[in-house]
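Just so it is clear, none of the values below were taken in a lab; they were calculated from the coordinates. Just so it is clear, the model here is predicted, and its values are computed rather than measured. Don't worry about glycine lacking a Cβ; one is built from the backbone with ideal geometry, like all the others, and counts go over all protein chains shown.
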Amino acid sequence: MKKILTLDGLRGYAALFVLFAHIPKVTNTSLGEFIHKIPSTFHLAYVGVDIFFVMSGFLITRILLKEKISNNFSFIRFYTKRALRLFPIYYLLAIIIGVLYSWEGIWAVLMYVSNYYFAYNLSPNPLRHTWSLAVEEQFYLIWPVILYFFNIKKSRIIIGFLFPLIAIFAAFYAFYQLEYKLFENLLYRGTIYRVFSLSLGSFLAFNEVKNLKRSKKIISFIVLIVLLLLFLFKAGMIPMLILKMILAALLSLIILIIVLKLENKNNFINFLFSGKLIRFIGMISYGLYLYHFPVIFFIEKYDKKGYLSIMEFGLLLLICFALPVISYYSIEKPILNYKQKLNESTSNK
């Protein structure tokens, strides 16, 4: 199972989408206002996070399927590798925020339930963005269990069909039962709803080669679904937020399929996703995602004028990229090297 290099580029773009969606307005001018509205107009943060979810579903399912087929499935190894990759800088940041700012909600962050905590607690917090990492961690608790206790055919049905249906049904149920603002917060952060995106990526991992060979048919089918959804929305049968949830996931799936399909081919798309710079950003994307929001939070908290000067914008970008680079080479990479040795030792057994 080879490493797909262009996925580093896709991670890079997804991280940049989220970063620029969170950056405050730059200069108090009409041009600054226009640029500031671009991320919200195109829902870049939503799409960026959804790309991470679809990609995560694909990659994690791919790993678990390989281990299941080779009769090398190990819960201990899976969770050890995930912990080595995610925990060190995550818990380090949480402790730093607790010491420097507030311990409010830290327990939810530490226990990876911040998605539901922040859905009910709307007060400003520099760790609000950890909701997506909580969704990921909850996903890690569910997927290995399914693939371990069910055969591949049944796992494919549960993950690829049953979970998306549950997510859509739960979304409609919440729409009719909950107050609108709570519904909006839960739909955005709740694992039961965002599992829709994770499932789409996972479904692609089942029969991966076959699915990529028929990628044109899959994309055409997705386009037909989108047209049907838009018709139902116009007819008043689908709420806007549920439509947004489904469309963002389908768009992210199409992007993933295109990137996978065109890997190692001499074309413009492959060029966009295989450049050294964008792949480097993808390599540090976890730290970039984790650190950027607290940096922006504190800048907005102490700079009350409501916009950044060009110099402040440059300083913000420098800090947002310097922190993950330092973190990657001083903390993450040494741990990743140990993780690689763990992979080699287990594969030789």
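Here are the numbers for the structure shown:
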| quantity | calculated |
| --- | --- |
| Options (1) 128; (2) 208; (3) 158 - which one matches volume of the Cα convex hull per residue in Å³ as calculated here | (3) |
| Out-of-range pairs (alpha-carbon distance over 32 Å; input K244/K301; K210/K276; K265/K333; K37/K213; K276/K341; K3/K37) | K37/K213; K3/K37 |
| Extension gain (nm, one decimal) between I168 and N72, 0.36 nm per residue minus Cα-Cα | 31.2 nm |
| Potential extension, L212-N267 segment - 0.36 nm per residue separation minus Cα distance | 18.1 nm |
| Total charge dipole magnitude, the chain, about the Cα centre, Cβ charges on Lys, Arg, Asp, Glu only, Debye to nearest 20 | 1380 |
| Packing-based order for 244-256, 325-337, using average beta carbon neighbours within 10 Å, highest first | 244-256, 325-337 |
| Selection from I166, I219, F34 lying farthest towards where the dipole of the chain points positive, charges on Cβ | I219 |
| Overall form of the range 181-319 per C-alpha gyration tensor (a/c, 1.5; a/b vs b/c) | oblate |
| Estimated distance in nm for a label pair at D303 and Y91, the labels positioned 7 Å out from Cα along Cα-to-Cβ | 3.4 |
| Prolate/oblate/rounded label for the range 1-141 (Cα gyration tensor, a/c 1.5) | oblate |
| Peptide ranges 285-294, 213-222, 61-70 listed from the most packed, as the mean C-beta count within 10 angstrom indicates | 285-294, 61-70, 213-222 |
| Relative exposure of I157, I166, judged by other C-beta atoms within 10 Å (fewest first) | I157, I166 |
| From phi via Karplus (6.51, -1.76, 1.60), per-residue ³J(HN,Hα) for the range 131-146 in Hz, x at Gly/Pro | 4, 5, 6, 5, 4, 4, 5, 5, 4, 5, 6, 9, 4, x, 5, 4 |
| Residues of the range 157-175 with amide N under 15 Å of the 7 Å Cα→Cβ point at I225 | 157-169 |
| Using alpha carbons only: equivalent-ellipsoid semi-axes of the range 66-124, gyration tensor based, whole Å | 32, 14, 7 |
| Whole-Hz couplings from phi, Karplus 6.51/-1.76/1.60, listed for the range 156-161; x for Gly and Pro | 4, 5, 5, 6, x, 10 |
| Linear extension gain, V99 paired with Y79, 0.36 nm per residue minus alpha-carbon span | 4.4 nm |
| Phi to ³J(HN,Hα) by Karplus 6.51 cos²θ - 1.76 cosθ + 1.60 over the range 76-92, Hz, x for Gly, Pro | 4, 5, 4, 6, 5, 5, 5, 5, 5, 6, 9, 5, x, 7, 5, 6, 4 |
| The range 6-347, relative contact order [Cα under 8 Å, separation at least 6], % | 33 |
| Ranked D50, D303, criterion: other C-beta atoms within 10 Å, fewest first | D303, D50 |
